[in-house]
Amino acid sequence: MKETYGRKFRKLRKATKISSSKAAEAVGISRSKLERWERGEAGLDIEKVFKLLEVIHVQKRGYFNNNISNYQKNITLEVSKAYESNDINYLKTQSKKLLSEVENDSFDKRTFLKAAIYCNAYYDLTGVDIFTDNYKKRLSMYFSKILSGDEVWYYDDVYFFGNTQNLISPRTIYSLSFSLVFYFKNNNDLEMKF
């Protein structure tokens, strides 16, 4: 089960021994709405999240940081080490190895996104793009899923988006961003999923 901000909040709320009723009342929402958010079944406006954090005396920065998984930490360490030492051969070798694994198992999302991160770092250092157009389309589709309303962005989605943006065309990034802003602006009943 993926951790959401709501689930993380629930753990912190329980640790501070504040009831869901008291927390919900303090920010002007129903207890059931808070509990649905805590289970990851509903979204909650970011301003309400900030108020909830005040209720349980948790700093925003600490709450939103440290959400990276061990898997992501390992990728970050591997790529950062090669990137900082300008080891383009390692980045290229790993990129090609991971892309080969993706070819063998096209449904392996983790390997695909890891390959994208390696390709992104390689491209940033060399200016050579080894990520194919088909992979770029797949990556764009992966990040576009939020627009369908069927899925929400989790910590790992944000992590992968932030570490693969060189591979997505500026037009696609702009289009995705514009669509998100337009969608949220025109759906007042829709809430941000935090």
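Read-outs throughout are calculated quantities, based only on the coordinates presented, and are distinct from any laboratory measurement. Here the structure is a predicted model, which means the values were calculated and not measured. Cβ: placed from backbone, ideal geometry, glycine included. Neighbour counts: every protein chain shown.
For the stretch 10-86, applying the loop criterion from DSSP together with a ceiling of 16 other beta carbons within 10 Å to the trypsin sites (Lys or Arg not before Pro) yields K17, R39. Using only the Cα atoms of the stretch 1-105, build the gyration tensor, take square roots of its eigenvalues as a ≥ b ≥ c, and label the shape rounded, prolate or oblate: rounded if a/c is under 1.5, else prolate if a/b is larger than b/c, else oblate. Prolate, because a/c is 1.5 or more and a/b exceeds b/c. The label-point distance for K22 and K96, in a model that sets each label 7 Å from Cα toward Cβ, rounds to 6.1 nm.
What FRET efficiency would be calculated for the residue pair S144, S30, taking the C-beta separation as r and a Förster radius of 30 Å, to the nearest 0.05?
Once rounded, the FRET efficiency stands at 0.40.
Cross-linked pairs K22/K73; K48/K137; K8/K96; K73/K145: Cα-Cα separations exceed 31 Å for K22/K73; K48/K137; K8/K96.
The simple spin-label model puts a point 7 Å past each Cα toward its Cβ; for I46 and K60 those points are separated by 0.8 nm.
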